Amino acid sequence: MRISLNNLNFHGYHGIFEEEKKLGNQFKVTIHIDFTPLVEKVEFLEQTIDYVSVYSIIKDSMNTPTPLLETLVCLIADKVLKQHPIAEKVFVEITKLKLPIPFYDGETSVSIEKKRG
């Protein structure tokens, strides 16, 4: 089974350049969490991964200024695996929507896939 939170929008202060630390930037986060439910038919929140809890992990992480997105995707993936024991695999992608590079017309993203164990 998979739980996904797609295209979550945040304003954050991640980056190594001074203007990124002062002005911030727009970021988009997508996460996929693969797991095997402990029961055949999931009927209660306790039997699955609570996406509100996952959103809270992402929001807290995105509100903490971090120089590198590489660090941030790892932190989010690790926290999800730690707080949700039935999670088997986590994919996290963070996209920076505006780059501080003259004439750069596009986005950049960093992603990671981590498996338990």
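The values are calculated or read from the model by the stated rules, or taken from the named source; none is laboratory data. All of these numbers come straight from a predicted model, not from anything done at the bench. Note that each Cβ is placed from the backbone with ideal geometry, even for glycine, and that neighbours are counted across all protein chains shown.
One table, with the values for the structure above:
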{"item": "Candidates D60, D105, D78 - the one that is at pLDDT below 95 and either over 15 Å from V29 (Cα atoms) or not aromatic (F, W, Y) (or both)", "result": "D105"}
{"item": "Tally, over the stretch 58-94, of residues that are of a type in the set (D, E) and either outside any helix (DSSP H, G or I) or over 13 Å from the mean Cα position of the chain (by Cα) (or both)", "result": "2"}
{"item": "So K89, is it among the charged types (D, E, K, R) and either touching an Asp or Glu at 6+ places or on another chain (Cβ under 6 Å) or within 23 Å of K21 (Cβ to Cβ) (or both)", "result": "yes"}
{"item": "Selection count where residues are closer than 18 Å to N7 by Cα, surrounded by 12 or more Cβ atoms within 10 Å (Cβ to Cβ) and hydrophobic (A, V, I, L, M, F, W, C), scope the stretch 31-53", "result": "2"}
{"item": "Test result for K98, basic (K, R), under 20 Å from E19 (Cα atoms), touching a residue at least 40 places away in the same chain (Cβ under 8 Å) and surrounded by 13 or more Cβ atoms within 10 Å (Cβ to Cβ)", "result": "yes"}
{"item": "Residue in the stretch 84-98 that is modelled with pLDDT under 95 and touching a Pro at 6+ places or on another chain (Cβ under 6 Å) present", "result": "no"}
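Yes or no, residue by residue, for (1) farther than 17 Å from S111 by Cα; (2) surrounded by fewer than 14 Cβ atoms within 10 Å (Cβ to Cβ); (3) touching a residue at least 24 places away in the same chain (Cβ under 8 Å):
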residue	(1), (2), (3)
S4	no, yes, yes
L8	no, no, yes
E19	yes, yes, yes
L23	yes, yes, no
V29	no, no, yes
L68	no, yes, yes
C74	no, no, yes
V80	no, no, yes
H84	yes, no, yes
